[in-house]
Amino acid sequence: MNLVERDAAVIWHPFTPQKNRIAPIPITKGKGTLLYDADGNTYIDAISSWWVTLHGHAHPYIAEKLYQQALQLEQVIFAGFTHEPAVRLAEQLLEILPGPFTKIFYSDNGSTSTEVALKMAIQFWWNQQQQHRKKIIALKNAYHGDTFGAMSVSDRSIFTLAFHDLLFEVIFLDTPTPENITTSIATIQQHAREVAAFIYEPLVQGAGGLKMYDAGLLNQLLTAAKSHDLICIADEVMTGFYRTGKIFASAYLNVPPDIICLSKGLTGGTMALGITACTSQIYDAYVQDDALKTFFHGHSFTANPLACTAALASLDLLQQYHTVKSIETIGAAIQNFALELAQLKVPIKNIRVLGTLLAFEITSGKDEYLNDISRFVTQTALQQGVYLRPLGNTMYIMPPYCISNEELNCVFSVIKNILQHYE
């Protein structure tokens, strides 16, 4: 059997209908922006492999750092032990995070980073004998992950449909607009005494369809939340590390979060790692004589030395001049392409850009994740050497920062070719 046949015999792939599924492409190598398949075909990875690969595939600097660390220490329990990569990564992150954060808590991925944040916020009030403050406020259209707490604070959608009666109660606000901001602030004021925290994806709602909203309106929500002592949790799992043009999307805001969640690009896409950072106010609620007020949470691979090393290497690359310049160049090219798209006679709407992100909807069928446009777009783009994976009828690009002008123009050309099908 070849690799695809062996895969079909033993593998269950994520977010993939299992009946009549399209056979996966066997990838044998990655280099920079390109993925190589078993037949020697190459594909420009225009979505950074689920938004994680900041610097491209198989980056030699990250690989070398991982090799050196693997020869020294690959894993150790993080309860009762510590190590240099974990401490150094925490030190470096605390210097650049968008707020007065003082402590880093490690986990494994984006879902666990938000799970940790929710538990941290709820127990914060429990530790202070305010057990009635346990509800969460979140935004409609949100997506915070696939574990149960993360699903609970995500929009009720096809991703959560089978589990609705098992998810905890959440107060959902409309994604802020000038028309609904007053109502949303009133809702915060109405429920504040029973609410522990407000969780949000700053400026861009990722898996909900790359929907973007105004920083000023979010500032108003955060100001209202803070005026009632709600803990503000910024889910920057997708938006972190320059995806929106600034190192964190929260840098666009006047009101900093109390807790921030990071993953995806944290290690440059090399391996899994999650981070939940908090302020001293949150942490101090756990510094108690009563052992029952300990934060009883952890993972087998918490602060894995290899993952922390990869993250440190990625931060090194992010600080290099050519990376910063590339991010600026990509952002400018995407802005220009968005203007070009707006002039085309094709059925698209809601063209939006922020930093290195571009998204829009194809106006064919329903605006939903199950729209079959996604399958057509992916297969057509692959035939032209580009990997795109729309969220239903929402097309987007989120390229690695190493993408060349030629490769980016190729991506733009393939998108235009696909859109001509809908003329």
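What the chain shows is 45 Å² of accessible area per residue, with the surface traced by a 1.4 Å probe over protein heavy atoms. All Cα-Cα separations within the range 1-125 were binned at 10 Å from zero, giving a P(r) of 9, 23, 33, 24, 11, 1, each value a whole percent of the pairs.
Which FRET efficiency, nearest 0.05, do residue 189 and residue 370 yield, Cβ-Cβ r, R0 45 Å? In this case the efficiency is close to 0.75. The share of C-alpha pairs in the range 75-164 whose separation exceeds 18 Å stands at 60 percent.
Accessible surface of residue 407, taken over heavy atoms with a 1.4 Å probe and every protein chain present, rounds to 40 Å². Rounded to the nearest 10 degrees, the inclination of helix 321-343 to the longest alpha-carbon principal axis of the chain is 70 degrees.
Estimated from the Cβ-Cβ distance and a Förster radius of 56 angstrom, the FRET efficiency linking residue 179 and residue 21 is about 0.85. The alpha carbons of the range 305-348 stretch over 52, 22, 6 Å along the principal axes, in descending order. Note on the range 160-308: the C-alpha convex hull projects to 11.4 nm² when averaged across all orientations. Fully extending the segment from residue 335 to residue 290 would add 10.7 nm, taking 0.36 nm per residue of separation and subtracting the current Cα-Cα distance. Using R0 = 35 Å, the C-beta based FRET efficiency linking residue 76 and residue 163 works out to 0.50. Exceedance of the 31 Å cut-off in Cα-Cα distance is limited, within the set 264/345; 31/366; 135/366; 246/366; 65/134; 226/293, to 264/345; 31/366; 135/366; 246/366; 65/134. Where both bridge residues fall in the chain, DSSP classifies roughly 65% of the beta bridges as antiparallel. Please express the Cα-Cα pair-distance distribution P(r) of the range 250-392 as a list of whole percents, one per 5 Å bin, running from 0 to the bin with the greatest distance. The percentages, shortest bin first, are 2, 7, 9, 12, 15, 14, 13, 11, 7, 5, 3, 1, 0, 0. Under the simplified labelling scheme, the residue 41-residue 352 pair shows an inter-label distance of 3.2 nm, with each label point 7 Å from Cα along Cα→Cβ. Accessible surface comparison of 115, 236, 95, 5, probe 1.4 Å, protein chains only, largest first: the order is 95, 5, 115, 236.
The candidate values are (1) 62, 47, 42; (2) 62, 57, 46; (3) 84, 60, 43; the one derived from this structure for Cα extents along the principal axes in Å carries the label (2). Rounded to the nearest 10 degrees, the angle from helix 181-191 to the longest Cα principal axis of the chain is 40 degrees.
Solvent-accessible area assigned to carbon and sulfur over the chain amounts to 54 percent, based on a 1.4 Å probe.
Within the full protein context, the accessible area of residue 36 is estimated at about 60 Å² for a probe radius of 1.4 Å. This model, with +1 at the C-beta of Lys and Arg and -1 at the C-beta of Asp and Glu, gives the range 209-348 a dipole about its Cα centre of some 520 debye. For the chain, the dipole from Cβ point charges (+1 on Lys and Arg, -1 on Asp and Glu) about the Cα centre works out to 360 debye, to the nearest 20. Helix 110-126 and the longest principal axis of the C-alpha atoms of the chain enclose an angle of approximately 10°.
The values are calculated or read from the model by the stated rules, or taken from the named source; none is laboratory data. Given the structure is predicted, the values throughout are model-derived calculations rather than measurements. Note: ideal-geometry Cβ built from the backbone for every residue, glycine included; neighbour counts use all protein chains shown. With ligands, DNA and RNA removed, areas are computed over all heavy atoms of the protein, side chains included. Shrake-Rupley method; radii C 1.70, N 1.55, O 1.52, S 1.80 Å.
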